[in-house]
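The values are calculated or read from the model by the stated rules, or taken from the named source; none is laboratory data. Remember, predicted model here, so these are calculated numbers, not experimental data. Cβ atoms come from the backbone with ideal geometry, glycine included; neighbour counts cover every protein chain shown.
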Amino acid sequence: MPVEQTLSIIKPDGVQKNLIGEIYDRFEKAGLEVVAARMMQLTKEQAEGFYAVHKERPFFNDLVSYMTSGPVMVQALAGDDAIAVYRKIMGATNPAEADTGTIRADFAESIEENIVHGSDAAETAANEIAYFFTDEGVCPRTR
Ligand code: GDP
């Protein structure tokens with residue numbers, strides 16, 4: 001399995017529900033290592049840029065309002081097959097369709113307020129990590 005990095009965001013509803021530690025525990029139990037982290041309040045421009053791929057979707061303005069409604073916790077995760085491993089523990093976009101025991105099944109309120117973001121492919125992961133972290137901001141484990 002390839003060692004990969006992926007970009008994770010604990011969205012404003014996850015931070016509001018005080019789930020940072022619970023979600024980090026799930027990363028670690030799944031074998032994912034946090035290699036970069038920052039808490040931040042996204043600006044409208046940052047949220048629009050991050051979700052630019054969705055700008056024609058009817059929910060885009062609501063999504064930007066949601067993502068700027070409170071602070072988020074942004075992290076890069078590393079591990080074997082990290083992109084797929086993280087998508088699996090996140091669960092489906094719509095929590096009603098998410099597998100039992102996934103983060104979204106356990107904590108999300110709706111298809112919009114769904115607690116976490118995770119990159120969906122290697123190229124988007126690289127772009128999304130670079131959106132929030134410089135090379136020096138990512139600290140691959142040395143032990
Ligand atoms: P993800 O990769 O599972 O996060 O899903 P997408 O990339 O398709 O969508 C990005 C984010 O937009 C989701 O995580 C939701 O927060 C939001 N979203 C997706 N689909 C819908 C929808 O049909 N309605 C609303 N209101 N929000 C949505």
State whether one or more residues within the stretch 90-100 are touching a strand residue (DSSP E or B) at 6+ places or on another chain (Cβ under 8 Å) and either closer than 18 Å to residue 30 by Cβ or in contact (Cβ under 8 Å) with a residue 24 or more places away in the chain (or both).
-> yes
Limited to the stretch 34-87, what total is found for residues that are of a type outside the set (S, T, N, Q), more than 12 Å from the ligand (Cβ to nearest atom) and outside any strand (DSSP E or B)?
-> 12
Say we look at the stretch 6-33 and pick out the residues that are outside any helix (DSSP H, G or I) and within 12 Å of the chain's Cα centre (by Cα); which of these is nearest to residue 143 (Cα to Cα)?
-> 6
State yes or no: is residue 120 on the phi < 0 side of the Ramachandran plot, exposed (fewer than 13 other Cβ atoms within 10 Å of the Cβ) and at pLDDT 95 or above?
-> no
Output for the stretch 105-129, where each listed residue is near the ligand (Cβ under 8 Å from one of its atoms) and without any contact (Cβ under 8 Å) to a residue 60 or more places away in the chain = 110, 111, 112, 120
Could you please find all residues in the stretch 88-143 being part of a helix (DSSP H, G or I) and small (Gly, Ala, Ser)?
-> 96, 105, 122, 125, 126, 130, 137
Of the residues in the stretch 14-60, those that are touching a Leu at 6+ places or on another chain (Cβ under 9 Å) and more than 14 Å from residue 77 (Cβ to Cβ) come to 47, 50, 51, 54, 57
For the stretch 95-104, what are the residues that are farther than 15 Å from residue 11 by Cα and within 15 Å of the chain's Cα centre (by Cα)?
-> 102
